[in-house]
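Structure incoming, see below.
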Amino acid sequence: MASTEGLQAYEEDNLLLSLPKEKGWAARHLCLFQGFWCPSAFFQGVINFQKHFQAKGSDVIVATVPKSGTTWLKALTFAIINRQRFSSSHNHPLLTSNSHELVPFLEFVFHVDNIQDKLSHLSNMTEPRVFGTHVPFPSLPKSIKESNCKIVYICRNPFDTFVSHWIFANKINPHSMHELTIEETLEKYCKGILGFGPTWEHMLGYWKESIANPNRVLFLKYEELKEDVNFYVKRVAEFLDCPFTEEEESNGVIENIINLCSFEKMKNLEVNKSGTFDRNFEKKHLFRKGKVGDWVNYFSPAMIEKLSKTMEEKLGGSGLSF
Ligand code: A3P
């Protein structure tokens, strides 16, 4: 007789086989699951995350659109939350670990066979636990939606997100990218075909939730963070119920966090310059220019028209603009 686990695995394999598929670009194979394009390689991880993750009320989830500032927001959130545990700027974990190692993606954490070991490891982690995810809001596990845990979300102007993603995909996936021009890739992007896309749906899911439940979801934009990082570091701390004290402010704690997580600082750390991330891609590819508006160097007038029109169609009237 088949074991329960064996039966579940069989059903999940069948489900995966039945889903619509597309060839991706950064993620090579995508399947349409619950309305979003899930990288097939992480389908199992997403299912396990949905089924098994037990949120705690003190958890913090850093939710993001890929290539919109995830690495930065994970670092800032980790540093803000743990500022009393790691007050010295000489031996801070962010100096020796990449922020994705300190704040792991839950869909990747659950991309394992031995769920029980993973669950006991997670339940023993120091609280508050900080995790990341690219999973769209409607597909988050019930346990996150029903707990009091906080979600900090970041997205970015789709023009810059697309360019950042396109260049990243070319670096990590040169073989399949050679088959696609930038114009063809933009076509796919506008149709929503990319890992965890459509981007519009992703942004709107968290946007609506941030309006309905402002104490649960804090909605940030990369451009705003760049413009006034000091303001947003304080905003994140307040949102997470750990506001900076006057003493901390006058002791330069905020500035120390901003400097520790700055693009230049992170990009030039040995831990981020060398080595691969999960044996998958080189960590240095996570740091490119870190600038707003670099898209002007890549978009033709036809591409500008295409993406502007799509954004108008998809985001018009939502109150979300860039
Ligand atoms: P560019 O490709 O435009 O340079 P993600 O972390 O979601 O993958 O997003 C990657 C983008 O964030 C890249 O943008 C990268 O350079 C930028 N980035 C990485 N670390 C950053 C930091 N500490 N501050 C600002 N931007 C950062």
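Here, each number is a calculation from the coordinates, and none is a lab measurement. Given the structure is predicted, the values throughout are model-derived calculations rather than measurements. FYI the Cβ positions are ideal-geometry reconstructions off the backbone, even for glycines, and counts take in every protein chain you see.
Which of these, Val135, Val271, Val46, has the largest mean-square fluctuation under a Gaussian network model of the chain (Cα springs below 10 Å)?
Result for the chain, Cα springs under 10 Å: Val271 fluctuates most.
Here's another thing I want to ask about it. Among Glu127, Glu179, Glu22, determine the one that fluctuates most according to a GNM of the chain built with springs between C-alpha atoms less than 10 Å apart.
Glu179
Within 10 Å, count the other beta carbons around each residue, average over each peptide in 69-80, 225-236, and list them highest first.
Result, highest mean first: 69-80, 225-236.
Given the chain, what percent of its DSSP beta bridges are antiparallel, to the nearest 5?
Beta bridges within the chain, antiparallel portion: roughly 40 percent.
Another question about this same structure. Using the charge dipole of the chain (Lys, Arg: +1 at Cβ; Asp, Glu: -1 at Cβ; taken about the Cα centre), state which of Gly317, Ile193, Phe281 has its Cα farthest towards the positive end.
Highest projection toward the positive end goes to Phe281.
According to the square roots a ≥ b ≥ c of the eigenvalues of the Cα gyration tensor, what is the shape class of the range 119-210, taking rounded for a/c under 1.5, prolate for a/b larger than b/c otherwise, and oblate for the remainder?
prolate
A follow-up question, please. With viscosity set to 1.567 mPa s at 4 °C, what whole-number translational diffusion coefficient in µm²/s follows for the range 119-272 from Stokes-Einstein and a Kirkwood radius over Cα pairs?
Details: Rh = 18.3 Å.
Stokes-Einstein gives a translational diffusion coefficient of 71 µm²/s.
If a/c stays under 1.5 just call it rounded; otherwise compare a/b with b/c (prolate if a/b is bigger, oblate if not). Do that for the range 1-129, with a ≥ b ≥ c from the square roots of the Cα gyration tensor eigenvalues.
oblate
What shape does the range 120-164 take by its C-alpha gyration tensor, where a ≥ b ≥ c are the square roots of the eigenvalues and a/c under 1.5 counts as rounded, a/b above b/c as prolate, and the rest as oblate?
prolate
Ok, one more. What dipole magnitude, in Debye to the nearest 20, does the range 224-320 give about its Cα centre under +1 on Lys/Arg Cβ and -1 on Asp/Glu Cβ?
820
Oh, and also: Percent of Cα-Cα pairs more than 26 Å apart in the chain, please.
48
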